[in-house]
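The values are calculated or read from the model by the stated rules, or taken from the named source; none is laboratory data. This one's a predicted model, so the numbers in the text were calculated from it and none came from an experiment. Neighbour counts run over all protein chains shown; Cβ positions are idealised from the backbone, glycine included. To get the accessible areas, we keep the full protein, side chains included, count just its heavy atoms, and leave off ligands, DNA and RNA. Shrake-Rupley method; radii C 1.70, N 1.55, O 1.52, S 1.80 Å.
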Amino acid sequence: MGSVAFGSAVSGARRKYQRLTTTALAVAGILTASLLISTPAVADVVVADIPVGTAPRDLIVGQFRDEKIYVVTDSGLSIIEKGTHRVTTVDVGGVPQDVAIHLGRVYVSVSTGAGKPGTVVMLNSFTGEIAQTYPTGVDPRQVVANESNGKIYVAFKTGVMVMQVGLPDETVPLPETPTDMAFSPINHNLYVANGNAVTVIDKNTNATTSIDLGASVTRVAASYTSNNTTFATTVSQNKSSIVAINGFTNATSTVYETFGTLGEVLTDGNFRLNVAASNGMNGSSVMVFDTDTKTKIAEVGTNGESGKMGGLRGQSSVYVPNLAGGVTIIDHNYASSTVRTGNNPVAAAVDMDNRKAYVANKGSNTVTVIDANIPAPVKNDFNGDRKTDVLARDAAGRLWLYPGNGAGGWLPKVQVGSGWNVMTALIAPGDFNGDGTSDVLARDSAGTLWLYPGNGTGGWFPRKQVGAGWSVMTAITAASDFNGDGKVDVLARDGSGLLWLYPGNGSGGWLSRVQVGSGWTGMSGIMGVGDFNGDGTADVASRDGAGTLWLYPGNGFGGWLAPRKTGSGWNVMNTLVGPGDFSGDGKADILARDSAGVLWLYSGSGGPAWPIPTKIGQGWEGMTVIL
C-alpha cells in the first residue's frame, strides 16, 4: 500500500528537520480521538517565567559568588536573584545595550540617544548599586571582559574603548563600525568584526592588526582549544562563509561555504563551533563543527531564525532561541528537543554551576528558566525504562504493553489488563497526576471518566474517577500542555461541534473548562500533535471528512494561530498513534496502522516534510485501540 506523506497519501520525500508526533484513537473501528506529544531528547524542564523590564534582549549570568542574572531591557538593567527570582531594575541613565562581568563589577554600555556619546555604567555586583559612570564614544553597543588582564572593551560607532581599573581609558579607532567582538581564551587578544575585516587588538599594547577577509564580517567566535583559532562568519552577494583565523600567524582558511545565510555563532567549550544557518527551502538549522579538525560533524534543525545562543565551557547542551518561539536544546550527542518560552525569545545564557539556562523573551517581557537537572518526562514510558512504549487493546478487551526497545523495535509484549472493552475511549495523556509516571484516561459506556495511574513498572495503581457526563463528547484527545502552565491538558468535542479545553491541574484533576473552538463537527479526527511546528508550544491537527489534514498551531496560552492545510489522503489509515520518540533519535514519531493491519513507523527528523515510513509490524488489525 502507498505511504501517507505530509502533503499526499501516496508519496513523500524526507526533508531535514522534521518534528511530528500524532496519536489517533480508534474505538470500534472509528477514529474518535488522537494525540501527539513531543518527547525531549534531553533533561530540560521549564520551571519559571520571570517578569522583567521592557523588551529584554540580552542577559548574562553572574560568576562565582554572584548569584544573579543581569538582563538588558529598554527600561533599565533588570537583576534577577537566582534563588528567589526576585527582580530589581536599575535606572542606568539611558537605554542599556550590553552587559559584561569581571571580578565583582558589572559593566553596562548605555545609549543616551542615536548619534550621541554614551556611557559605561559600572555596578557593584554584590549590592547592585552604581559605583561609577564613564563617558564613551557615540552609540555604544557590545561589551566584552578580558578574563586574563581585567580589560573591558566597549564597541561604539567608530571604534573600541579599552578600560582597565587604575589606568586611563584608551580609544582604538576602527575604519568601520564594529558588528561583533570576541576575546580569545588562548592568546587573550580581542577580535573585532568591522566591515570586511577582523581587527586584532593586542591584549597588552592595544596595537591593532587588520585581517582582510574580502567580504562583510558578521560574527566572530574564539575557540577554547590549544590550536588557538578564532572563527568568523562572512557574507557576500553570492555566499556566506566560515573562516578560521590562526591565532599565532593570523593566517586564514575557509572552513565552510553556503548559499544560505549564516547567523549567530557560539563556541561552547566542548571543542565545538555552533553556527546558526538559514537555508531557504531546506529550513533553518545549527551546524556544528569540530574546532580542532575544522570539519562539520552535525546539523540540527531549528524553528526559523535563531537568536543569541547559550552554552558554557563544561556544559553538554547548547540552547538556541528560535525567534519565532521556543528554545531548541542540542545535547552532546546532537539530539535535540524544543521547549516553550515566552514570546520572541532572543538570547540565552547558561549557569554552569547550577545547570540552568535563562532565556530573554523580548515579546513578553520575561525571562524563562530552564532546569537541566530535572529529567524530562518520556511520554508513553509505562515500564520505567525511559523508552517509549505502546499500549493496545484486543477484541477480547485485554490490554497489552508493547515495550519499545528505544531504537524503533519491540521487546516481548506483556498483558497489563483485561476487561477493557467496556471503555468507549482511551487516551494516553502522559503524566496526568504529576507523579512522574505515564497514565491512561478511559471513558466507560456510562460516560464516566477514569484515571488509571501508571505505577512506572508496567502496571496500574487503583483507578480514580475524574469526571462524569463525558458521553456527550464525540472526540477526546490529550492536548499536551496546551495553555502553557506546565500541566497536561485534554481537548474534547461535543455533539454540537464545540471544542473544549479541559486544563489539567497537574495532580489528577481539572481547572475550569474553556471553549476554544466551534464548527468541528465535520472533523473525523482531532489530534493533539504536541509541538508540531517546533516553537515550543502544543498544537492540534484535525482530519476532515475528505481526508485533508489541518494544523492548528497553538499560541501557548490556550488559543490558536491561523490554521493551515498540511496534507491529504489521510483516510487510508484507520489508526494514528503518537507515542513520542519511538525510534530513539530524540524526535517525536508517528505509528500508523493501515487497513491490512500493517503498522508503519514515521520517524520524525525535525523538519516540515513528512518522513519516509518503515514497516515495523503486521497483524495489528485485531487491535481495537492503539495508544
Legend entry - Computed Rg/Rh of region 351-444, alpha carbon atoms with Kirkwood Rh: 1.15
Legend entry - Hz values of 3J(HN,Hα) by residue in region 409-419 - Karplus curve (6.51, -1.76, 1.60), Gly and Pro given as x: x, 10, 9, x, 5, 9, 6, 10, x, 8, x
Legend entry - region 180-196 - phi-based ³J(HN,Hα) in whole Hz, Karplus 6.51/-1.76/1.60, Gly and Pro as x: 6, 9, 8, 9, 7, x, 9, 9, 6, 7, 9, 10, 10, 7, 7, x, 8
Legend entry - More than 21 Å apart - percent of Cα-Cα pairs taken over region 32-182: 48 percent
Inset, instruction - Scan around residue 531 for amide H atoms under 5 Å from its own, H built in the peptide plane at 1.01 Å from N, and keep only partners 5 or more places away or cross-chain. - result: 38, 539
Legend entry - Per residue Cα convex hull volume in Å³ - calculated over region 240-290: 77 Å³
Inset, instruction - Using just the alpha carbons, could you tell me how many Å³ per residue the convex hull of the chain encloses? - result: 150 Å³
Inset, instruction - Straight distance only, please: which aspartates and glutamates reach the Cα of residue 565 with their own Cα at less than 12 Å, same-chain residues fewer than 8 apart left out? - result: 544
Inset, instruction - Highest first, please rank the peptides 195-208, 506-519, 563-576, 479-492 by the mean number of other Cβ atoms sitting within 10 Å of their residues. - result: 479-492, 563-576, 195-208, 506-519
Inset, instruction - Quick one: compute a quarter of the convex hull surface over the Cα atoms of region 159-316 and quote it in nm². - result: 9.8 nm²
Legend entry - Simple spin-label estimate for residue 444 and residue 171 in nanometres, 7 Å along Cα-Cβ: 8.2 nm
Inset, instruction - Could you list which residues have their amide H under 5 Å from that of residue 490, counting only those 5 or more apart in sequence or on another chain, with H placed in the peptide plane? - result: 479, 502, 504
Inset, instruction - Give the Debye-formula value of log10 I(q)/I(0) at each listed q (0.10, 0.15, 0.18, 0.19 Å⁻¹), with one equal scatterer per alpha carbon of region 235-332, two decimals each. - result: -0.26, -0.59, -0.84, -0.92
Inset, instruction - Name the lysines eligible as straight-distance cross-link partners of residue 294: C-alpha to C-alpha under 25 Å, and not fewer than 8 places from it in the same chain. - result: 16, 239, 308
Legend entry - Length gained when the stretch residue 386-residue 89 is fully extended (0.36 nm per residue, less Cα-Cα span): 102.7 nm
Inset, instruction - Evaluate the Debye formula for region 111-251 with equal point scatterers sitting on the alpha carbons, no solvent, and hand back log10 of I(q)/I(0) at q = 0.08, 0.12 Å⁻¹, in q order, two decimals. - result: -0.22, -0.49
Inset, instruction - For region 84-134, report the convex hull volume of the alpha-carbon atoms normalised per residue, in Å³, without decimals. - result: 85 Å³
Legend entry - Interchain or long-range residues, amide H under 5 Å from residue 131's placed H: 122, 123, 124
Inset, instruction - Would you mind computing the Rg to Rh ratio of region 292-369 from its alpha-carbon coordinates, Kirkwood style for Rh? - result: 0.98
Inset, instruction - Provide the per-residue ³J(HN,Hα) series for region 243-252, in order, calculated from phi with Karplus coefficients 6.51, -1.76, 1.60 and θ = phi - 60°, each as a whole number of Hz, with x at glycine and proline positions. - result: 10, 9, 10, 6, x, 8, 10, 6, 5, 10
Legend entry - Potential extension, residue 500-residue 296 segment - 0.36 nm per residue separation minus Cα distance: 68.7 nm
Legend entry - Equivalent-ellipsoid semi-axes of region 372-514, from the Cα gyration tensor, Å, largest first: 24, 20, 13
Legend entry - Extent along principal axes [Cα atoms of region 390-441; Å; largest to smallest]: 33, 28, 14
Legend entry - Percent carbon-and-sulfur accessible area, the chain, ignoring ligands, DNA and RNA, probe 1.4 Å: 52 percent
Legend entry - Percent RCO, i.e. relative contact order, over the chain, from Cα pairs under 8 Å lying at least 6 residues apart: 17 percent
Inset, instruction - Sequence neighbours fewer than 8 away in the same chain don't count; with that in mind, list the lysines whose C-alpha is under 26 Å from residue 116. - result: 151, 157, 362
